[in-house]
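First comes the structure, then the notes that go with it.
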Amino acid sequence: MEHANLVRRRSLLGGALAGAAGVAAAGTLSVDLAFAAAPYAGDTLVVVSLHGGFDGLSTIVPIGDPDYYRARPTIGVPKSQVIAGDGTFGLHPALAPLLPAWKAGTLAAVHAVGQPDPNRSHFAAMEAMENAAPGSSVRSGWLDRMLGVTGNTAPLAGVSLGDAMPSRLFAGATNDVSMRSVDTLTLAGDGKRPIAAALRAMYADAPAHLSAPAQAADRALAAVGRTRTVAAGTGYPATDLGAALRDVARIIKSGAGLVTATVDCGDWDMHESLGPAVKGQRMHDNLTEFAEAVAAFTADVGPTLMKRVTVLTISEFGRRVTENASHGVDHGHGNAMLLLGGGIRGGKVYTQWPTLAPGALVAGDLAATTDYRAVIGEVLQKRCGLGDLSAVFPGVKPTRFGLAAAR
C-alpha cells in the first residue's frame, strides 16, 4: 500500500504540495508528523530513524567487556574518554550535549536490541523494521497502526517533512502529507492561481469518496498555518536534523495535539573511516550533530511539555563487532537504542548483555537479546496509553525493564 496517501494516491492534487517528497531534492532526512483527535492523552512520540546502520557499540560503549577492545584496536572508544561511565558501559564523548539529560534521569539506553530475523540489506531491513509485523499478512507501517488505535481523526494524520521519501512507518490508511518544512507547505502552483479555493469549490457538492482528499488537504494547510504562528526555537545546529526537530518542537508548542513525529536522519553507513573518538572523525562529528540537535529540541520544548514527550531512536541494524581494514565496521545485527523524555527512567543502560566473546556472537555480530519492538511496546503502553499491543506489533510483548514510568 502506498504511504503518501494524500499526495500520491489521491491524484486530484496533481503533483501535490510544494516541497512534497515527489518534487524534493535528494537528501538524508524526512519527518513524519501525525495529529490526534482530542481523546488522545498520551505522550507525543518522536521516532528518530538513524538510517544506514547505526553503530551502537561506538555510542553506548561496553567498556567492561574486554573483547570490545580486542575487536576494535583502532576505533574502540577508550575507557578514559567515555562519559557517564559505570564500569560496564559509557557514553561516547560526542554525546556530551545530552549528558545533562542523562544525569537528570531523562535519557536512557537499551543495548543488544534488534530484529527477530537478522538481515544485512539496508532496504529489506528497514522495510521490515518499519512494517514490524514479520510472519503476518500486515503490510502497513507500525506508526500508521498506532495512530489507528488512538482513533486519530485530526486534519494532519501524518506528514513527511524533508528531502527523503515519505516514511513507510506511516504506510496504510492514515492520511499523510509531504513537505520540506512547516514554513514552505503550500499547494503546488498556489502562488499563480488560487488552487486551494478552486479545489474547495470543485468538490463542495461531490460525494464524500471524491471530496475527502481535497477537504483533507485544505484542513491540513489550515492546521499548518496555525503552527506557523509559533516562533521557531533557537540553539539548533545548522543541519537537516536540527531544522526538522525545530519544526517538530513548533508543532508541539502550538498545542495542535501531535501524537507522533518521525525524523529520518541518515549517513550512519560507516564501512570506512569511522575513526577514533575525536573531533574531525566521522562517527564523532555525526554523533555531535545528533546530540546537539536533540539537546536543542529538549530545551526548546521546555521541561513542562517534555513531561509528555518521548523521543526514541531506531536503526535497521547495528555494525559488526570487529573493525575492518578500512577502520570502519560492516553491516551487523545487535544495536543500541536511545530514549529521552520526562517519563523515561534514565541515567542507565538497560540490557540483557550477551557479551562480545567469540562464542556469544551471531555470525560475528552482537547478539540481539531484546526485540526492538518490545522496547517500543513498553513506551506505547506506559506513555502512550495503548493497552493491547497486538494491533501494532502482532505477537510482541513489551519489555519489563521498567524504563518508562506509567502515566
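The values are calculated or read from the model by the stated rules, or taken from the named source; none is laboratory data. Remember, it's a predicted structure, so these values are computed and weren't measured experimentally. Cβ sites come from the backbone with ideal geometry, for glycine too, and all protein chains shown count toward neighbours. Quick note on the areas: whole protein, heavy atoms, side chains included, nothing else; ligands and nucleic acids left out. Shrake-Rupley method; radii C 1.70, N 1.55, O 1.52, S 1.80 Å.
From the alpha carbon centroid of region 255-325 to that of region 85-150 is 11 Å. Using label points projected 7 Å from each Cα along Cα→Cβ, tell me how many nm separate His271 and Ser80, to one decimal. With each label point 7 Å from Cα toward Cβ, the separation is 3.4 nm.
Entry comment: accessible area of region 276-407 is 38 Å² per residue, from protein heavy atoms only and a probe of 1.4 Å. Classified by the C-alpha gyration tensor, region 186-314 has a prolate form. Its axis ratio a/c, with a ≥ b ≥ c, is 1.5 or above, and a/b is larger than b/c.
For Lys397, go through the aspartates and glutamates and keep the ones whose alpha-carbon is under 12 Å away, minus same-chain ones fewer than eight residues off. Output for Lys397: Asp371, Glu378, Asp388. With Cα atoms as the point set, region 306-372 shows a radius of gyration and Dmax of 14.5, 45 Å.
Bridgeable lysines around Lys279 (alpha carbons under 28 Å apart, same-chain partners fewer than 8 residues away excluded): Lys79, Lys103, Lys348. Between Arg282 and Ala325, the simple label model (points 7 Å from Cα in the Cβ direction) yields a spacing of 1.7 nm. For region 319-407, the share of accessible area belonging to carbon and sulfur comes to 50 percent (1.4 Å probe, ligands and nucleic acids excluded).
Largest to smallest in accessible area, the residues His111, His51 fall in the order His51, His111 (1.4 Å probe, all protein chains included). Count charges around Gly53 for me, please; just the other residues with Cβ under 12 Å from its Cβ, Lys/Arg as +1, Asp/Glu as -1. Neighbour charge sum, excluding Gly53 itself: -3. The trypsin sites (Lys or Arg not before Pro) of region 258-323 meeting both criteria, a DSSP state outside H, G, I, E and B (loop) and at most 11 other C-beta atoms within 10 angstrom of the site's C-beta, are Lys279.
When a/c is below 1.5 the answer is rounded, else prolate if a/b is larger than b/c, else oblate, so apply that to region 280-407 with a ≥ b ≥ c taken from the square roots of the Cα gyration tensor eigenvalues. In terms of gyration-tensor shape, oblate.
Which FRET efficiency value, to the nearest 0.05, do you get for Ala124 and Arg200 by plugging their Cβ-Cβ distance into 1/(1 + (r/R0)^6) with R0 = 41 Å? So the FRET efficiency works out to roughly 0.45. Spin-label model, Ala232/Arg70: points 7 Å from Cα along the beta carbon direction are separated by 5.1 nm.
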